[in-house]
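Let me begin by presenting the structure, written as C-alpha cells, before commenting on it.
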4 protein chains.
Amino acid sequence: MKYPFKADFRVAFRDVDLHNVLHHSNYFYYCEKGRVELLRSVNLPYKKIMEMGIGLMLVECKLKFIAPVKFDDILNMHMGTDKMGKSSFKILYSIEVDGKIVSEGYTHHVCVNLKSNKPTRLPENLFAKLNSFQIQEND
Amino acid sequence: MKYPFKADFRVAFRDVDLHNVLHHSNYFYYCEKGRVELLRSVNLPYKKIMEMGIGLMLVECKLKFIAPVKFDDILNMHMGTDKMGKSSFKILYSIEVDGKIVSEGYTHHVCVNLKSNKPTRLPENLFAKLNSFQIQEND
Amino acid sequence: MKYPFKADFRVAFRDVDLHNVLHHSNYFYYCEKGRVELLRSVNLPYKKIMEMGIGLMLVECKLKFIAPVKFDDILNMHMGTDKMGKSSFKILYSIEVDGKIVSEGYTHHVCVNLKSNKPTRLPENLFAKLNSFQIQEND
Amino acid sequence: MKYPFKADFRVAFRDVDLHNVLHHSNYFYYCEKGRVELLRSVNLPYKKIMEMGIGLMLVECKLKFIAPVKFDDILNMHMGTDKMGKSSFKILYSIEVDGKIVSEGYTHHVCVNLKSNKPTRLPENLFAKLNSFQIQEND
C-alpha cells in the first residue's frame, strides 16, 4: 500500500516500559501526534477544527505490534485515509524503525458536533482534505 | 458472553482529554490494570511471572469505543481469556459504566522468554490458570 | 508531622520506567488521585467542585524522591493541608512503601473561577473542609 | 539568567487535561525530553550513558506554573546546569510560549551505578559536558 503522508517522532524515555519496549498504549499517543501533523499539513490544525465546533472522536482502534520499539528510536509513521464516509473515516498507520515495519493498524473516527455530542457530516473542506490522503493499493 | 473475572477502576483526572472523555490510549492502561488483577487473583502476580523470566508481550490490541467515559466514572471491567494456545492467548474485555457497555475489545499476548526475547511455551501452571478464565458463549 | 488523611494506591505497570522505577512525573499522578480521594472523603468530589465553576489549579509542585518505588508496590500516601489562604492552599504528601518513606513534597493550589480563569475565594464549605485536614506539627 | 541550551516541543493532545491546560505532571515529561536533547547535543545520548552502566536518577524536582499552556502550543525550553557536584547536578528550566515565561523550575539528579544502585562519580567526560552548560547569572 502507498501511504501519502509521513511524520517522524522520537520515542521519549517515559513512553517505554520496564522491558525497554514502547508501551502498547503509547503507540496510540504517537499515532495521534501523526494525525495532528497530517491535519496541520493541509492547513487544518485540529485546534482549528475544534474551534469550528467539531471533534474527530475515535470509535475503534487497532494495532499490531510486529517488532519491539525502544527508547530513543525514531518512528517513521506512514499514514493515509480509508473508508471515507460522510461523517466517518479511518486513518491507517504503518510505522517503521530503521526501514523495518514495527507496527500497523488503524483508528476509526466519527465527526461529532461538540455541543450536541452527536455525529455530524464532515465539513466539505475537511472531507476533501482527508480524501486527498486516501491510501492507494499497490498494483 | 460470560466473562469470568471482573475488576473495577475509577477514572483518574489525568486520563481524560480536553473533551472530558477518557483518552482512547488510556483504556489500554486500565485494561492492563485489569490483567494484573486477573493474574493476581490466581496467585500469579505479573511481577512473579517476570521473575520466572517470562513476559506476556502484546502482539495486537483492539478496542471499540461505544459510549464516552468521563472523569471519576467507575469502570466495571469484565474479562476472560480466549484462543488459548501453547504460547499465546487473548484477553477479552467488556467495560461497563453504570450498567451500560462503553467499550469492548481484546489484547493478544505471546509468552516470551525475557532473556532470548523469543516466544516460549506458557508454563503449565500459568496456562491452566488462564484457561480457567475462558470466556463462555451464551446459549 | 501528623497527616490527617491517607489513601493507598498500587503502582501500575505503565507508570514505571525502564529502570523499573516509578517515573518521577507519575508520582504527581498518584498525588492527584490522593487529592481526589481526600476531597471525596468530605463529600466534595472534584467533579462536583468543577460543577460549581471552580478549579483548584496548581501554581507550584515539588517532590523529593528518597527511595525507589517499583511496579506493583503499594503507595501509602499520607496527606494534609497547609498554608490555608482565602484563595490558595498547599497539600503536603508523605508517601510510604512497606513503612518506609519513599517521597515527600507538596502541591500548591489556587482556587480559580473556571469562566474568568481568575483567582477567586475558596467557597466557605470547601475552605472549612480543607482546613479540617490541616497538618499538625509534632510536639 | 542565561540558559545555554534550548529545545522546542509542541504540546500533544493527550498531554492536556479537561481544562485544556498542560497537565502539571506532563511538564516533567517535556523537561525530560529537553534533557535528552541537551545530552544528545554534546554527543552523549542518554541511551549511550545507560550503556555505560550509569543512570541520572532524580532526587528532587520542582516547577512553578506561571501561565497556562494549551494543546498545540510550542514550548521553548531554555535549560542549563547548576550546582555541579562530583556525582550530582541540577538542571534548570525556563519555559516560554510566544515569548512569555510559563514555567520555571529544576530537576536534581544523582549519578547512579545501574548495577549497584548506588551513587557514583559522574564520568569525567559527562561532568565536563554538563559543566559546559552551566547557567550564567546576568550582570
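Considering only the stretch C:64-80, how many residues are at the interface with another protein chain (Cβ under 9 Å from one of its Cβ atoms) and either in a loop (DSSP other than H, G, I, E, B) or more than 30 Å from B:Pro45 (Cβ to Cβ) (or both)?
5
How many of the residues making up the stretch A:86-115 are of a type in the set (Gly, Ala, Ser) and open to solvent by 60 Å² or more (accessible area, probe 1.4 Å)?
1
I need every pair where a residue in the stretch A:33-44 that is closer than 12 Å to A:Pro4 by Cβ has its Cβ under 6 Å from the Cβ of a residue that is aromatic (Phe, Trp, Tyr), sequence separation at least 6 or different chains.
Close Cβ pairs (under 6 Å, with a partner that is aromatic (Phe, Trp, Tyr)) amount to A:Leu38/A:Phe5.
Is it true that A:Cys61 is within 10 Å of chain B (Cβ to nearest Cβ), in contact with a His (Cβ under 6 Å, 6 or more places away or on another chain) and either open to solvent by 40 Å² or more (accessible area, probe 1.4 Å) or at pLDDT 95 or above (or both)?
Considered against the rule, which asks whether it is within 10 Å of chain B (Cβ to nearest Cβ), in contact with a His (Cβ under 6 Å, 6 or more places away or on another chain) and either open to solvent by 40 Å² or more (accessible area, probe 1.4 Å) or at pLDDT 95 or above (or both), A:Cys61 comes out as yes.
Among the candidates B:Val21, B:Val42, single out the residue that is over 12 Å from the mean Cα position of the chain (by Cα), within 11 Å of chain A (Cβ to nearest Cβ) and open to solvent by 10 Å² or more (accessible area, probe 1.4 Å). I'd like the intermediate steps shown before the answer.
On the way: B:Val42 fails: within 11 Å of chain A (Cβ to nearest Cβ).
None of the others qualify; the one that does is B:Val21.
In the stretch D:1-18, which residues are in a strand (DSSP E or B) and either among the acidic types (Asp, Glu) or within 14 Å of chain C (Cβ to nearest Cβ) (or both)?
Across the stretch D:1-18, the qualifying residues are D:Asp8, D:Val16.
Against the condition in contact with a Gly (Cβ under 7 Å, 6 or more places away or on another chain) and open to solvent by 10 Å² or more (accessible area, probe 1.4 Å), how does D:Leu56 come out, does it pass?
no
Only one of (1) within 12 Å of the chain's Cα centre (by Cα); (2) under 29 Å from A:Phe13 (Cα atoms); (3) open to solvent by less than 20 Å² (accessible area, probe 1.4 Å) is not met by A:Asp72, so which one is it?
Of the numbered conditions (1) within 12 Å of the chain's Cα centre (by Cα); (2) under 29 Å from A:Phe13 (Cα atoms); (3) open to solvent by less than 20 Å² (accessible area, probe 1.4 Å), the odd one out for A:Asp72 is (1).
Residue by residue through the stretch A:17-26, note down the ones that are touching a helix residue (DSSP H, G or I) at 6+ places or on another chain (Cβ under 8 Å) and in contact (Cβ under 8 Å) with a residue 24 or more places away in the chain.
Residues satisfying the conditions are A:Leu22, A:His24.
Would you mention how many residues in the stretch A:106-122 are without any contact (Cβ under 8 Å) to a residue 60 or more places away in the chain, assigned to a strand (DSSP E or B) and in contact with a Ser or Thr (Cβ under 9 Å, 6 or more places away or on another chain)?
Going through the stretch A:106-122 one residue at a time, the tally reaches 6.
The values are calculated or read from the model by the stated rules, or taken from the named source; none is laboratory data. Not measured: the values here are computed from a predicted model. For neighbour counting, all protein chains shown are included, and Cβ atoms are generated from backbone atoms with ideal geometry for every residue, glycine included. Remember, those area values only see protein heavy atoms, side chains included, never the ligands or the DNA or RNA. Shrake-Rupley method; radii C 1.70, N 1.55, O 1.52, S 1.80 Å.
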